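Peer 1: Can you read through this structure? Questions will come right after.
Only the coordinates and a few stated rules stand behind these numbers; no lab work does. All values derive from a computational prediction rather than experimental measurement. Glycine gets a Cβ as well: all are built from the backbone with ideal geometry, and neighbour counts include every protein chain shown.
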Amino acid sequence: MLEKEAADLFREALHFEEVGNKLAASQIYEQLLHYFPARSSVLINLSENYISLKNDERLKELLPKLEVIQHPLAKLNAGTIYYNQQKRNIALEFFQKAFDLDPNNQEILQSLAVCLFKLKKPQLAAEFAEKLAYLSTSPIDFGRAAYYYASACDWPNELRIRNLTTSIFPFFGISRNLYEHQNLSDAEAYAPKEKVSLALNFDSYVGLHDLNSHKLRIGYLCGEFREHATLKLLISVFEHHAHETFEVFYFDNGISDNSIYRQRLEATSGTIISIRDKSDAYVLAEIKRLKIDLLINLNGYFGNGRNELFFERAAPIQVSYLGYPATLGHPNIDYLIADSVTIPDENLHYFTERIYRLPLCYQPNDDKRPKARPTTREKYGLPEGLFIFCCLNNSYKLTRDTFEAWATILQKSVNTSLLLLADNDDAKRNIIEAAEAFNVGDRICFIERLPTLDYVDLLSLCDLFLDTFPYNAHTTASDALWAGTPILTMPGETFPSRVAHSLILRAGLDAELYVASSRQDYISKALFLTENPQIVEKSKAFMRTKIDIEGGFVDMLTYTKHLEEAYISMFQTYLKEWKKNGQ
């Protein structure tokens, strides 16, 4: 092939890339590669397109050639391939090589920061993320940098970023925003700006049917169908679904870990469809081919979700549920499932979704979950003879104000200790430094992440779970209650700040004891409970009875029935509106 002909083909491939036709572009690059097998520009562009198209098999073949090219984008693409293979340490090496070749490339900086964060190095991740933010001037990049600093419990740098510039990163924002209108504003600024009216989609959907003669088709889309908080909460719903009425599909954007939870999911009558390595176009077509009536978003702005599919209107009815406790700020998310505690009437207008409130509490649970086993504090290195506070929330939920409240409680109490999760070495180091400034460094101990059974046992050894604010413990709160450990919480104005309150009420604990009205009340209640340990023990005995005799805090058969009633109601409302629009 002549160089001129090759140049013309290369320009044609670039044109296809510009208009979004990566498959056509890749076909041309493959043709060029046949004639120029070592041409760097072709290998770099081809691999970039295949990364977008999730063509993992071809990328494996291209990887050895990419690795030896001394170009920053070749190193970046090689790192991305390794990252997608879950080989993050190798990916980090290539991202670092790419950075060394081009330290101001924004895509390289973002990849480097994300990889470092996933490798539990949030302090260094934050520094690269901040460098990116100053180059891009993007509020989202500043928000991500603040989130990484928060995950390291580096509160001075977190606050510096948040105070100096506008930052928008909804997943982190809901852990700091005090008011629901702030969560709405962040979500609307973050969501794609293209507004697709629901009415435009009525006549494009051909799967509408009569519930009297067809099953309602439910699709759950999630990146965490493994031993993860989301599946641990939802597994009993999947097991109890009325499959004579519903046909269930699990669109899996993650990987199987072969855990007991994954095995239980695979044993249900629902169909698992792996989409992790599938393009958006493919998944959209598959959802429409299966005539999914309701598509449930279990991620929102967290984890391994695929929000783009929802924003493109993959199904006629789209629901945000469980994974993200705030509005997604996009008109194509039709419903959000909550309860009357987490979203009271006065907050309804701060959500772009219609709110469907389940009775009592929105959060499901596993009715087969393990109970706490007899164990000892010695096994986990916990101090004997002390009143042990604990908080095993992720480190980013811990604010400076919350920590200072805890330090005050430790200062004013005797024979107490605080157990925290050793989420990462950076957070542990910064927490110890902050504790020493309050002269309570010797009162704090840490525990590494544990397997599920040991984790529940550990919680049962603690006396009182100190909740974070404004982002409560959610799944962790259920874990604590299930272990028989009461929670002290301080609800605020937002959904994420009111979940523990909802769970406490469902568990039947006395809100006068365990729900604080202010920061000072939170401190006072904690001190009162340390001085009256018999009250805490009475609460623990009450919860053990609920678990041992009654089987827990929620009847999952009834809960699942209520959830199914919600789905049917959403579908019937859709049909009424569809007919009203003259379809």
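Peer 1: Per 0.36 nm of contour for each residue apart, how much would the distance between R289 and F542 grow if the chain were fully extended, relative to their Cα-Cα spacing?
Peer 2: 86.0 nm
Peer 1: Related question: Using Cα-Cα distances under 8 Å and only pairs 6 or more residues apart, what relative contact order does the chain have, in percent?
Peer 2: Over the chain, the number comes to 11 percent.
Peer 1: Starting with the fewest neighbours, write out W482, W578 ranked by other beta-carbon atoms found within 10 Å of each beta-carbon.
Peer 2: Placing the least packed residue first, the sequence is W578, W482.
Peer 1: At each listed q (0.24 Å⁻¹), what is the log10 of I(q)/I(0) that the Debye formula gives for segment 324-439 modelled as equal alpha-carbon point scatterers?
Peer 2: Calculated log10 I(q)/I(0) at the listed q: -1.27.
Peer 1: Next question. Quick one: order V283, V499 by neighbouring beta-carbon count within 10 Å, fewest to most.
Peer 2: Listed from fewest to most nearby Cβ atoms, that is V283, V499.
Peer 1: Stokes-Einstein diffusion coefficient for segment 20-104 at 4 °C in a medium of 1.567 mPa s, Rh from the Kirkwood formula over Cα pairs: what value in µm²/s?
Peer 2: 101 µm²/s
Peer 1: Using only C-alpha atoms and all pairs of different ones, pull out the Kirkwood radius for segment 294-388 in Å with one decimal.
Peer 2: For segment 294-388, the Kirkwood estimate is 16.0 Å.
Peer 1: Given an 8 Å cut-off on Cα distances and at least 6 residues of separation, report the relative contact order of segment 378-548 as a percent.
Peer 2: Dividing the mean separation by the residue count of segment 378-548 yields 21 percent.
Peer 1: Given segment 1-145, report the % of alpha carbon pairs whose separation exceeds 27 Å.
Peer 2: 27 percent
Peer 1: Over all directions, how big on average is the projection of the convex hull of the alpha-carbon atoms in segment 468-525, in square nanometres?
Peer 2: 3.5 nm²
Peer 1: If you wrap a convex hull around the C-alpha atoms of segment 496-558 and split its volume per residue, what is the figure in Å³?
Peer 2: So the per-residue hull volume is 84 Å³.
Peer 1: Right, here's the next one. Would you kindly state the longest site-free stretch of the chain, with sites defined as trypsin sites (Lys or Arg not before Pro) in a DSSP loop (not H, G, I, E, B) surrounded by at most 11 other Cβ atoms within 10 Å?
Peer 2: For trypsin sites (Lys or Arg not before Pro) (loop position, at most 11 other Cβ atoms within 10 Å), the longest site-free span of the chain is 196-448.
Peer 1: Helix-only mean residue ellipticity at 222 nm, the chain, DSSP H runs n ≥ 4 weighted -39,500 (n - 2.57), per residue, nearest 500. What is it?
Peer 2: That comes out to -15500 deg cm²/dmol.
Peer 1: Please give the net charge around L513, taking every other residue with its beta carbon less than 14 angstrom from that of L513, where Lys and Arg add +1 and Asp and Glu add -1.
Peer 2: So the surrounding residues net to -4.
Peer 1: Using R₀ = 41 Å, calculate the FRET efficiency as 1/(1 + (r/R₀)^6) where r is the Cβ-Cβ separation of I272 and S524; round to 0.05.
Peer 2: 0.25
Peer 1: For segment 344-398, place one equal point scatterer on every Cα, skip the solvent, and apply the Debye formula. What is log10 of I(q)/I(0) at q = 0.13, 0.20 Å⁻¹?
Peer 2: Debye intensities relative to I(0), on a log10 scale: -0.73, -1.03.
Peer 1: Using the beta-carbon distance between L505 and A189 and R0 = 30 Å, what value does 1/(1 + (r/R0)^6) give for FRET efficiency, to the nearest 0.05?
Peer 2: Once the sixth-power term is evaluated, E becomes 0.35.
Peer 1: Got a sec? How would L221, L159, L164 order by Cβ neighbour count within 10 Å, fewest to most?
Peer 2: So the residues, fewest neighbours to most, are L164, L159, L221.
Peer 1: What is the diffusion coefficient of segment 530-583 in µm²/s, taking the Kirkwood radius over Cα pairs and the Stokes-Einstein relation at 37 °C with a viscosity of 0.692 mPa s?
Peer 2: 221 µm²/s
Peer 1: Rounded to whole Å and ordered largest first, report the semi-axes of the equivalent ellipsoid of segment 101-187 derived from its Cα gyration tensor (root of 5λ).
Peer 2: Whole-Å semi-axes of the equivalent ellipsoid: 22, 14, 11.
Peer 1: Starting from the alpha-carbon convex hull of the chain, give the projected area averaged over all orientations, in nm².
Peer 2: 28.2 nm²
Peer 1: Name every cysteine in the chain that ends up alone, with no second cysteine's Cβ under 4.7 Å, or say none.
Peer 2: Here C115, C153, C222, C361, C391, C445 come out as lacking a disulfide-compatible partner, given the Cβ-Cβ threshold of under 4.7 Å.
Peer 1: Over all directions, how big on average is the projection of the convex hull of the alpha-carbon atoms in segment 215-293, in square nanometres?
Peer 2: The Cα convex hull of segment 215-293, projected and averaged over all directions, gives 4.9 nm².
Peer 1: Turning to a different aspect of this structure: Distance check, please: which entries in K97/K118; K60/K118; K65/K121; K54/K75 exceed 20 angstrom between their Cα atoms?
Peer 2: As for pairs spanning more than 20 Å Cα to Cα, those are K60/K118; K65/K121.
Peer 1: Return the aspartates and glutamates within reach of K22: Cα separation strictly under 16 angstrom, same-chain partners fewer than 8 residues apart disregarded; answer none if there are no such residues.
Peer 2: The qualifying aspartates and glutamates are E12, E30, E48, D56, D277, D280.
Peer 1: Now for a separate question. Quick one: grab Rg to one decimal and Dmax as a whole number for segment 378-548, Cα atoms only, in Å.
Peer 2: Looking at segment 378-548, its Cα Rg and Dmax stand at 14.6, 43 Å.
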